[in-house]
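Contents: one structure, followed by commentary.
The values are calculated or read from the model by the stated rules, or taken from the named source; none is laboratory data. Fair warning: this is a prediction, and the values are worked out from it, not measured in the lab. Cβ sites come from the backbone with ideal geometry, for glycine too, and all protein chains shown count toward neighbours.
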Amino acid sequence: MSATGMPPGQTWEGGYRPYDLVKEFVIALVVVGMLTAVLAGVFSSPDKRAVTIAQWSRSNPIDFATTAVSELDGTSATATYGPPYTHTPGAGQKIGPISLQRLAGVHIPVDPARDFVIAPLGTLAPDQPALRRALAAYQQASDAQHQHWTTAYTEALTHAQFRNGALLVPRGDYGPVQPILAALLGFARGGGLDGALVTHSQFYATDYTKPLLFMADSTYLEGLAQQDHLLGGQWGMTNETGNYPGQSWLWLYTFWYQISPFKTSTNADALIWAIMVILTLALILVPFIPGVRSIPRRLPVYRLIWRDYYRTVERQPGSPTRN
């Protein structure tokens, strides 16, 4: 075939008409730009402010304290998640016998007790002798003693009240856990914990992994997501806040989370990832799959697209042979 699409030795006998590509491009650009501006102004989703640890600790201090205790005793979602954050034995989703998480390994190491509680309070300890003694007592105690204190305090939080800026729990043997959690709550409510958890391994402090993981272990952030229709069971990524349309091109990915067995599977992420890899490879390999690659030629959709050509040119004497 020649550059014009005609068989060699055959000349074009149809009609010609001028076509200004630059003009068409400018018109399309202006029209699409105006539509984008108008539709964005009418249908765009609200720009909600980012959720902060300070906001969380002020809105629900008991949930904050409960989450902080779970970080201390290693029972939080982050502490038990496994790679890429922790070396939790047996953790990680699988595809058959293969765990992709464990194969990737821990490359974003997080120690919830140290990173979310002990280390941030360590920045306050030099100026607060009582806090310094509490931290030292906790760090010097055995794991069994840690477990005793945190279990007792977790139970006490089910009966806790927050009054006059203080978290009140029934009397009990909580050891240094109670003053540690009181100091952490005050630090968070003052806004200091947000900055203390941001990683400063680079010039710009833009790594919010740790504060996001800490908040994700709570029920507070999940509650906000549910209100705004952002949970996985509410089509999550394909929504914006307030159930506005979001990344609609992700519907095929999020679709699998809405059906069985994926919506109840503990390996849903790994299984859906494998399905999407297979579907993507199938799409890429369409030109090489016998039968599938012939579908566009066998279905006369192309004749509908080029109907002007087939109506006015193909039937003329001397025109190319109909495909």
(message) Test of understanding: among Gly232, Gly246, which residue is under 20 Å from Lys263 (Cα atoms) and not basic (Lys, Arg)?
(response) Gly232
(message) Quick check on this structure: which one of Ser59, Ser44 is assigned by TED's automatic domain parsing to the domain that holds Lys210 and among the polar types (S, T, N, Q)?
(response) Ser59
(request) Say whether the condition of being surrounded by 15 or more Cβ atoms within 10 Å (Cβ to Cβ), in a helix (DSSP H, G or I) and in contact with an Asp or Glu (Cβ under 7 Å, 6 or more places away or on another chain) is met by at least one residue in the range 219-232. (result) yes
(request) Can you work out which of the residues in the range 72-122 that are in a helix (DSSP H, G or I) and charged (D, E, K, R) is modelled with the lowest pLDDT? (result) Arg102
(message) Please verify whether Ser99 is of a type outside the set (Lys, Arg), within 22 Å of the chain's Cα centre (by Cα) and surrounded by 14 or more Cβ atoms within 10 Å (Cβ to Cβ), treating the condition exactly as stated.
(response) yes
(request) Mind telling me which of the residues Leu230, Leu281 ends up being of a type in the set (A, V, I, L, M, F, W, C) and in contact with a Gly (Cβ under 7 Å, 6 or more places away or on another chain)? (result) Leu230
(message) Consider the range 263-286. How many of its residues are in a helix (DSSP H, G or I) and either touching a Pro at 6+ places or on another chain (Cβ under 6 Å) or touching a residue at least 12 places away in the same chain (Cβ under 8 Å) (or both)?
(response) 11
(request) Considering only residues that are assigned to a helix (DSSP H, G or I) and among the polar types (S, T, N, Q), look in the range 233-262 and name the one that is modelled with the lowest pLDDT. (result) Asn243
(message) Can you report the number of residues in the range 288-300 which are surrounded by fewer than 11 Cβ atoms within 10 Å (Cβ to Cβ), at pLDDT 85 or above and in a helix (DSSP H, G or I)?
(response) 2
(request) Restricting attention to helices (runs of 4 or more DSSP H) lying wholly within the range 140-217, give those where 2 or more residues are hydroxyl-bearing (Ser, Thr, Tyr). (result) 143-157
(request) Quickly run through the range 7-52 and pick out the residues that are among the basic types (Lys, Arg) and either touching a Phe, Trp or Tyr at 6+ places or on another chain (Cβ under 8 Å) or not in a helix (DSSP H, G or I) (or both). (result) Arg17, Lys48, Arg49
